[in-house]
Amino acid sequence: MSYTTQLLELIDRQDGLVLTRDAETAGIPRYYLTLLAREGIIERVGHGIYLTPDTFEDDLYMLQARSPQLIFSHETALYLHDLTDRDPISYSVTVPIGYHNRLLMNNDLQVYTVKKEWHELGVTESSTVYGRQIRLYNAERTLCDLFRQRNKVDADLLNDSMKRYLTRKEKNIPQLLRYADLFRVSSPIRKYVEILL
């Protein structure tokens, strides 16, 4: 099977979006991406990211594809966990302290930094509206992150999110309280849990 055929099959399997690293992992030289782009079969929409002309851009997936250290957090994760109806104005992401990437200069991003040992804590996966996998913090970590920023976060948003979380069947109160202790927000979170449960 030719590299072109392999690449076309890979693009089809991935619903019209392919990354340079996907092609390389499949053993396809990156030159074939350039060939297909010249023929108009795919177009380069970002560094190492190619789409077919009829494919919608998946912003969340493409952001993380360009910078795998980004983990969706705060208001963005809250929205993805269906703990708020508010569409995020800009995407909130968390990176480890000291991580640098030109992408972080993007004005449409709200970037938070944490200690390296906290960066992967509570990471889970979810699907974008286009069905692609992205990494974000779980609901418990997300709520603790928001409480850490509570002086900058709308009180109604915190209140509504906690109410939604505590009425869920799949809530994990012990984990929420462990994270709250670790992030030193146990007092306000415990108050919410005691009042709302």
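The values are calculated or read from the model by the stated rules, or taken from the named source; none is laboratory data. Since the structure is predicted, the reported quantities are computational estimates derived from the model, not experimental observations. Don't worry about glycine lacking a Cβ; one is built from the backbone with ideal geometry, like all the others, and counts go over all protein chains shown. Note: accessible area is taken over every heavy atom of the protein model, side chains too, but ligands, DNA and RNA are not part of it. Shrake-Rupley method; radii C 1.70, N 1.55, O 1.52, S 1.80 Å.
One-quarter of the Cα convex hull surface for region 121-197, in nm²? Walk me through the intermediate numbers first.
Working: hull surface 22.4 nm².
It is 5.6 nm².
Quick check on region 1-100: take the gyration tensor over C-alpha atoms, sort the square-rooted eigenvalues as a ≥ b ≥ c, and tell me if it's rounded (a/c under 1.5), prolate or oblate. List each step's numbers first, then the result.
Working: a/c = 2.79, a/b = 1.99, b/c = 1.40.
Cα axes put region 1-100 in the prolate bin.
Test of understanding: what is the full-extension gain from E39 to R150, defined as 0.36 nm times their sequence separation minus their Cα-Cα distance?
Gain on stretching E39 to R150: 34.8 nm.
Give me log10 I(q)/I(0) at q = 0.16 Å⁻¹ for the chain, Debye formula, one equal scatterer per alpha-carbon, no solvent.
One equal scatterer on each Cα of the chain leads to -0.99.
Cα centroids of region 155-189 and region 117-133: how far apart, whole angstrom?
What the calculation gives is 19 Å, centre to centre.
Sum up the lysine pairs in the chain that clear both bars: alpha-carbon distance under 27 Å and a spacing of 8 or more or different chains.
The result is 12.
Run lengths n ≥ 4 of DSSP H only: what is the helix-derived mean residue ellipticity at 222 nm for the chain, with -39500 (n - 2.57) per run over all residues, to the nearest 500?
-12500 deg cm²/dmol
Quick check: pseudo-label points 7 Å beyond the Cα along Cα→Cβ at R13 and D160, how many nm apart are they?
Label-label distance for R13 and D160, simple model: 4.2 nm.
Which order do the peptides 81-91, 66-76 come out in when sorted by mean C-beta neighbours inside 10 angstrom, highest first? Kindly include the intermediate steps, with their values, before the conclusion.
Values: 81-91: 14.8, 66-76: 21.5.
Highest to lowest by the protection proxy: 66-76, 81-91.
With +1 on the Cβ of every Lys and Arg and -1 on the Cβ of every Asp and Glu, and nothing else charged, how large is the dipole of region 38-181 about its Cα centre, in debye rounded to the nearest 20?
Values: 19 positive and 21 negative charges, 111 e Å.
Here region 38-181 has a charge dipole of around 540 debye.
If a paramagnetic tag sat 7 Å from the Cα of Q175 along the Cα-Cβ line, which residues of region 148-163 would have the backbone N under 15 Å from that point?
none
What is the percent carbon and sulfur in the accessible area of the chain, measuring with a 1.4 Å probe over the protein chains and ignoring ligands?
Reported share for carbon and sulfur atoms: 47 percent.
Just the accessible area for Y61, please: 1.4 Å probe, Å², rounded to the nearest 10?
Spelled out: Y61, probe radius 1.4 Å, area about 40 Å².
Apply the Karplus parameterisation 6.51 cos²θ - 1.76 cosθ + 1.60, with θ equal to phi minus 60°, to every residue of region 179-187 and state each ³J(HN,Hα) to the nearest whole Hz, in sequence, with x for glycine and proline.
For region 179-187, the Karplus curve yields 4, 4, 5, 4, 8, 6, 10, 5, 4 Hz.
Going by the alpha-carbon gyration tensor, a ≥ b ≥ c the square roots of its eigenvalues, is region 85-143 rounded (a/c under 1.5) or, if a/c is not under 1.5, prolate (a/b greater than b/c) versus oblate?
oblate
Using θ = phi - 60° and the Karplus form 6.51 cos²θ - 1.76 cosθ + 1.60, what ³J(HN,Hα) does each residue of region 52-69 get, whole Hz, x for Gly and Pro?
So the J values, rounded to whole Hz, are 7, x, 9, 9, 6, 6, 9, 4, 4, 5, 5, 4, 6, 5, 6, 8, x, 6.
Quick one: grab the alpha carbon gyration tensor of region 17-65, order the square roots of its eigenvalues as a ≥ b ≥ c, and give me rounded if a/c is under 1.5, else prolate or oblate depending on whether a/b is larger than b/c.
On the way: a/c = 2.24, a/b = 1.18, b/c = 1.89.
Taking the square roots of the gyration eigenvalues as a ≥ b ≥ c, region 17-65 is oblate.
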